[in-house]
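Report on the following structure.
The values are calculated or read from the model by the stated rules, or taken from the named source; none is laboratory data. All figures in this text were calculated on a predicted structure; none of them were measured in a lab. Every residue, glycine among them, receives a Cβ derived from its backbone with ideal geometry; neighbour counts consider all protein chains shown.
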Amino acid sequence: MTAAIIAEGITKEFREGQETLRILRGISLEVSQGEIVAIEGPSGSGKTTFISILGCLLGATSGHVQVAGKDVNPKKPSRLADIRRQHLGFVFQQFNLFPSLTAQENVEYALNLKGIVGAEARKEAGELLDRVGLEDRKHFLPRDMSGGQKQRIAIARALCGKPDVILADEPTASLDSVVAEQVLTLFQKLAREDGRALLIVTHDSKVRRITDRVARIEAGLLAA
Amino acid sequence: MVDLAWKMLFHDKLRFFITLSGVAFSVMLVLVQTGLFGGLLENATVTIEHMGADVWITSRNSPNLDFVHQFSESNVERVRALPGIKRADNLILSFMQVSLPTGAEETTVVYALEDFAAWGVPWKLTAGDLADLKRGPHVIFDEFARKRFGDFAVGDYREVNGQRLKIVGTTKDAKSFTTTPLAFVDYQRAQQMQPDLLRGRASYILVKLEAGADRERVMAELRRILPHNDVYTAHDWAQRSRTYWVENTGIGFNAFLTVFLGCLVGVVVVAQTLYTSTMEHLREFGTVKAIGGSNWDIYKILGKQAVLSAIFGFVLGYLPARALEPVIAKADLKLIIPSELSVTVLVGTVLLCLIAALVSFRKVATIDPALVFRV
């Protein structure tokens, strides 16, 4: 299988006053198309920092990241935005929807940022919402929807532009177990049927049901 | 395209209202203050604008229309003799005392000409006949004088500089910068009323040029034959009069200060509300970045919000400012809001709101994109 995302020897250091904090100490990971990898680890182990680097939201201190065959150069912010736009989708624990936009508009706006506008964007947004089972909630604002429905909008938004990799941060943490199961089933479908690579940062043991592998980070290192 | 800027702005209606109130207040302050300033300056030169003279000959170094020295009225003969002059007449402008029925005295600015009709003054006669000024000891007062001189009507009498004059007409909008009411009397009558100062003397010579006359050449010749007078075009004389009031009375600084404070209030309110809004929407802006947006996409959102706030705020400030015009007119003040001023204030408002948004731009540029993962 072709690698969707490759991380080699990733380190990340932060300066805090005179002190240098080493959050990541050389992590390497490769995720193939259609593969689901869970990233686990205790709080403060560096999971979120690692996924931020893979998501081109944060630059690594050293090491190398490749997304869909493209080298990530953290010194070029516009290039990072291009990679995020073309190859990456995000699902957040807090959903991070735009509260002033309806479900349809939330998805449509993401499409607009990817250069898809007008009737085409409206049609595609509608289809994505249909796919996550929100056909009858398209014109509702997030405040009028349940946690599970919000997360499904977030997934529909993450699917905009058919990204190669979806990065999900604790996607089931704010959901009850029934809805969490539905979301996991949806993730499984995305990987198996569409061939997307999924990296899921989680503390939730239920996620293991759908993963191919579990990568455990401890003290900034990938545990064996 | 989904208009996130617009939706965000209208989603929090209370905040938007506060922003608009700040902008509207500033716009109104600037328009009203500048409009009043313009009105006062117009009063300072309204007679110059309406006289229709091409050239004004004044006493040496006269600072403005109202502060005059008299000079020999025979100068006008030399002016009339020059080629290129169509008409030249003496004008008297003098402050005189009006005795009121109450026993008090008020001041009036007397304008005296041989032939008012020839110079189009007064330009708004609301009662009476201009020709009556020559038919006896008569006077025409501006309606504004009622506030100072008590109510009067055509046919009433008032004592001006000790002479009992019959009011034969009233005018409108004839005002002076100092708000002293204007009176119009016959040229010789004025000289009789203030003989020590005015006998054989005039305050100005009004000059109308022949069509096609070389104005610069005629003015140079006037300066040559009247070395103890100054010669101005009507425009330059009006400008000199206005400049005097602006620079020497503090009114210019006062207007500038109010406009500056208005702008400052607007910028501070907009900067504050936009910045607070940006801080509260940081996660959303971080999300815009995460889903592929650039800093530029966020700048466009903030910029558009600033421009929308400016435009809506301008409208909300402009309308009440216009509505104040008749109210201010009742207080015998002029509020002049020409379209050039409105456009300038609109453009200024948009620019200042964009400047106010710069603080938010800076904040957004330094967003840690990884904040989207924080709970």
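Being acidic (Asp, Glu), surrounded by fewer than 16 Cβ atoms within 10 Å (Cβ to Cβ) and within 23 Å of residue B:148 (Cβ to Cβ) holds for only one residue in B:114, B:77, B:105, and it is B:105. On the basis of being modelled with pLDDT under 95, among the aliphatic types (A, V, I, L, M) and in a helix (DSSP H, G or I), does residue A:128 make the cut? Taking the combined requirement at face value, the residue satisfies it. Note on the range B:52-68: residues that are under 20 Å from the mean Cα position of the chain (by Cα) and crowded, with 22+ Cβ neighbours inside 10 Å amount to 1. The conditions of being assigned to a helix (DSSP H, G or I) and within 14 Å of chain A (Cβ to nearest Cβ) are not met by residue B:350.
Kindly check whether there is at least one residue in the range A:146-154 that is away from chain B (no Cβ under 14 Å) and in a loop (DSSP other than H, G, I, E, B). Within the range A:146-154, one or more residues are away from chain B (no Cβ under 14 Å) and in a loop (DSSP other than H, G, I, E, B).
Checking residue B:42 against (1) more than 14 Å from chain A (Cβ to nearest Cβ); (2) of a type outside the set (Val, Ile, Thr); (3) in contact with an Asp or Glu (Cβ under 9 Å, 6 or more places away or on another chain); (4) not in a helix (DSSP H, G or I), which single condition isn't satisfied? Condition (4) is where residue B:42 drops out.
Would you say residue B:293 is buried (at least 17 other Cβ atoms within 10 Å of the Cβ), in a helix (DSSP H, G or I) and at negative phi? Answer is no for this residue.
Are there strands (runs of 3 or more DSSP E) fully within the range B:137-203 with at least 1 residues that are of a type in the set (Asp, Glu)? List them.
Passing ranges, in order: B:138-142, B:157-160, B:182-186.
For residue A:167, the stated conditions do not hold, so it cannot be described as at pLDDT 90 or above, buried (at least 22 other Cβ atoms within 10 Å of the Cβ) and more than 12 Å from the chain's Cα centre (by Cα). Pairing each residue of the range B:203-230 that is without any contact (Cβ under 8 Å) to a residue 24 or more places away in the chain with any residue that is outside any helix (DSSP H, G or I) and among the β-branched types (Val, Ile, Thr), provided the two are 6+ apart or on different chains, yields C-beta distances under 8 Å for B:223/B:231. Residues in the range A:92-108 that are buried (at least 23 other Cβ atoms within 10 Å of the Cβ), more than 7 Å from chain B (Cβ to nearest Cβ) and not in a loop (DSSP other than H, G, I, E, B): A:103, A:106, A:107. Taking the range B:86-102 as the range and being among the β-branched types (Val, Ile, Thr), crowded, with 21+ Cβ neighbours inside 10 Å and over 26 Å from the mean Cα position of the chain (by Cα) as the test, only B:98 passes. Among all residues of the range B:365-373, there is at least one that is in contact with a Lys or Arg (Cβ under 6 Å, 6 or more places away or on another chain), buried (at least 16 other Cβ atoms within 10 Å of the Cβ) and of a type outside the set (Lys, Arg). For the range B:353-375, the tally of residues that are assigned to a helix (DSSP H, G or I), within 14 Å of chain A (Cβ to nearest Cβ) and among the β-branched types (Val, Ile, Thr) stands at 2.
Would you mind finding the one in B:210, B:284, B:247 that is under 30 Å from residue A:91 (Cα atoms) and of a type outside the set (A, V, I, L, M)? Steps first, answer last, please.
Values: B:210 fails: under 30 Å from residue A:91 (Cα atoms); B:247 fails: under 30 Å from residue A:91 (Cα atoms).
One residue alone meets the criteria, B:284.
Whenever a residue of the range B:243-262 is on the phi > 0 side of the Ramachandran plot and in a helix (DSSP H, G or I), it has no partner that is among the aliphatic types (A, V, I, L, M) and modelled with pLDDT of 85 or more lying with C-beta atoms less than 8 angstrom away and at least six residues away or across chains. Taking the stated definitions as given, is residue B:295 farther than 26 Å from residue B:313 by Cα and in the same structural domain as residue B:33 (by TED's automatic domain parsing)? Yes: the conditions hold for residue B:295.
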